[in-house]
Amino acid sequence: MGKILTMFLIDDIAAGRIKCTVANWTGVVYKIPRADVERCKNREDLRQSGVYFLFGKETVYIGQAGNRKNGDGILHRLLEHKKNSDKDFWQEAIVITDKSFGATEISFLENKFCKLALDAGRYTVKNNNEPSLGNITEEKESELEEFADYVITVISILGYKIFEPIEETPPAEIPNEPIFYLSRRNKTTGFVVEARCKALAGKFMLLAGSKISPNFSKNASDKVKKARRKAKIGFDNILLEDIIFDTSSSAAEFVTGTQSAQGPEVWKTADGITLKKFFGDNNV
């Protein structure tokens, strides 16, 4: 289903301030050049709570601002950052706000966007500390995940590919390298995963046709969850494409949905030789 995105050029030029809204979505996204921050003082929605990105050349700072008693919210934070000599790197701000935002919502979104930006590795993230996730119900998390998807789309359209990993040339396959297998039954659900993996030059390729777990355990990493969301998965949880992983354990976690699956031990040749034994502890 398509989306209707409205981009309002506040200053009547593409290089000026831009306000973005999407049909049937309550969020508002602003793109504000650093030089124009003071000109936003009459924008009431910028006095609300929100999350913001300060963009420099291949550098970003991701922050949040609550609605203060004096009525100054996210705009006040931008003005503070503009005066801060430690943040001279930024030239443009992206602001996301919603009239329903509270401390829980902005903490969750700040945490999520920081993790996604770090995983993508396209920008240097200037945050010194990992933002707090906050306490959130699973219902609210589902709602905010959908909200974040809209934000990611709009930010990309505005020209910042902060959440898109740099495409790498797939490593060359090692000649005559065997295929490794992983088969495991979930004791609770009875679901059986059956996956195949090839060792490449320092990386591991999970092969299309692998049958992967439909669920994640609580300890599953955000990086693998993100890979699952992006992957093409068909009927009965069959993987429809090859996927490259940095380690065999990441590939195993993707397949099983849990970090307890240690790649060097669970991946085995058709003869039952573990990856660890096959490579002698090297690069597995």
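What does the extension gain come out to for Glu241 and Lys225, with contour length at 0.36 nm per residue minus their alpha carbon separation?
4.1 nm
Quick one: 3J(HN,Hα) in Hz for the range 48-56, Karplus 6.51/-1.76/1.60 with θ = phi - 60°, rounded, Gly and Pro as x.
Karplus values, whole Hz, x for Gly and Pro: 8, 6, x, 10, 9, 10, 9, 9, x.
At 4 °C and 1.567 mPa s, grab the translational diffusion coefficient of the chain from Stokes-Einstein with a Kirkwood Rh over Cα pairs, rounded to a whole number in µm² per second.
Answer from the Stokes-Einstein relation: 61 µm²/s.
Would you work out if the range 222-284 is rounded, prolate or oblate? Take a ≥ b ≥ c from the square roots of the eigenvalues of the alpha-carbon gyration tensor; rounded if a/c is under 1.5, else prolate when a/b is larger than b/c, oblate otherwise.
It comes out prolate by the Cα gyration axes.
For a test of the definition: using alpha carbon positions, the gyration tensor, and the 1.5 limit on a/c, classify the range 35-175 as rounded, prolate or oblate.
Judged from the Cα gyration tensor, the range 35-175 comes out oblate (a/c at least 1.5, b/c at or above a/b).
Hey, if we sort Val28, Val60 by accessible area with the 1.4 Å probe, largest down, what's the order? Intermediate values should be presented prior to the final figure.
Numbers: Val28 25, Val60 0 Å².
The most accessible residue leads, giving Val28, Val60.
Could you give me the percent of Cα pairs per 5 Å distance bin for the range 12-73, shortest bin first, beginning at zero and ending with the bin that holds the maximum distance?
Values per bin, smallest distances first: 4, 14, 22, 28, 20, 10, 2.
What length, rounded to one decimal in nm, is gained on full extension from Ile10 through to Ala35, with 0.36 nm per residue of separation minus their alpha-carbon distance? Don't skip to the answer; put the middle values down first.
On the way: separation 25, 0.36 × 25 = 9.00 nm, distance 1.42 nm.
So the extension gain works out to 7.6 nm.
Points 7 angstrom from Cα along the Cβ direction at Glu164 and Thr21: gap in nanometres?
Distance between the two pseudo-spin positions: 2.7 nm.
Counting each DSSP H run of 4 or more residues in the chain as -39500 (n - 2.57), what helix-only mean residue ellipticity at 222 nm follows after dividing by all residues, to the nearest 500 deg cm²/dmol?
-8000 deg cm²/dmol
For the range 138-279, evaluate the Debye formula with one uniform point scatterer on each Cα (no solvent term) and list log10 I(q)/I(0) at q = 0.10 Å⁻¹, rounded to two decimals.
-0.39
First measure r as the distance between the Cβ atoms of Lys126 and Tyr181, then evaluate 1/(1 + (r/R0)^6) with R0 = 45 Å and state the FRET efficiency to the nearest 0.05. Present the calculation step by step, with values, prior to reporting the outcome.
Working: r = 43 Å, r/R0 = 0.96.
Once the sixth-power term is evaluated, E becomes 0.55.
Which of the helices in the chain meet the span-like rule: DSSP H, Cα axial reach of 20 Å or more, Kyte-Doolittle mean at least -1.0?
Details: long enough: 103-120 (26 Å, 0.34); 138-157 (29 Å, -0.08).
Helices passing the filter in the chain: 103-120, 138-157.
The range 210-284 to the range 112-157: how many Å between their Cα centroids?
Taking the Cα centre of each part, the range 210-284 and the range 112-157 sit 24 Å apart.
Suppose R0 equals 35 Å; then what is the FRET efficiency for Leu200 and Glu80 from their Cβ-Cβ distance, rounded to the nearest 0.05? Don't skip to the end; give the middle numbers.
Numbers: r = 48 Å, r/R0 = 1.36.
Taking R0 as 35 Å, the efficiency between Leu200 and Glu80 is 0.15.
In whole percent, what relative contact order does the range 44-103 give with Cα contacts below 8 Å and a gap of six or more residues? Walk me through the numbers on the way to the answer.
Values: 105 pairs, mean separation 28.9, N = 60.
Computed over the range 44-103, the figure is 48 percent.
With a Cα-only, solvent-free Debye model of the range 203-247, what are the log10 I(q)/I(0) values at q = 0.14, 0.15 Å⁻¹?
At q = 0.14, 0.15 Å⁻¹ the computed log10 ratios are -0.32, -0.37.
Looking only at the range 10-148, where both bridge partners belong to it, what percent of the DSSP beta bridges are antiparallel (to the nearest 5)? Intermediate values should be presented prior to the final figure.
Numbers: 22 of 24 bridges.
Once the DSSP bridges in the range 10-148 are tallied, antiparallel ones form about 90 percent.
Please tell me which of these pairs span more than 24 angstrom C-alpha to C-alpha: Lys3/Lys31; Lys126/Lys218; Lys3/Lys230; Lys112/Lys230; Lys3/Lys211; Lys87/Lys230?
Lys126/Lys218; Lys3/Lys211; Lys87/Lys230
Assuming R0 = 51 Å, what is the FRET efficiency of Asp149 and Lys277, from their Cβ-Cβ distance, to the nearest 0.05?
Plugging the Cβ-Cβ distance into 1/(1 + (r/R0)^6) gives 0.75.
Which value, in debye to the nearest 20, gives the size of the charge dipole of the chain about its Cα centre, when Lys and Arg are +1 and Asp and Glu are -1 at the Cβ?
Roughly 280 debye for the chain.
Report, by chain and number, residues whose modeled amide H sits under 5 Å from the one on Ser49, excluding near sequence neighbours (fewer than 5 apart, same chain).
Hits under the 5 Å cutoff: Asn67.
Which of the three applies to the range 1-104, rounded, prolate or oblate, going by the alpha-carbon gyration tensor with a ≥ b ≥ c and a/c under 1.5 meaning rounded? Show your work: numbers first, answer last.
Values: a/c = 1.56, a/b = 1.17, b/c = 1.34.
Cα axes put the range 1-104 in the oblate bin.
The values are calculated or read from the model by the stated rules, or taken from the named source; none is laboratory data. Just so it is clear, the structure is predicted and the values come from calculations on it, not from any experiment. Virtual Cβ from ideal backbone geometry, glycine too; neighbours counted across all protein chains shown. Side chains included, ligands, DNA and RNA excluded: accessible areas come from the protein's heavy atoms. Shrake-Rupley method; radii C 1.70, N 1.55, O 1.52, S 1.80 Å.
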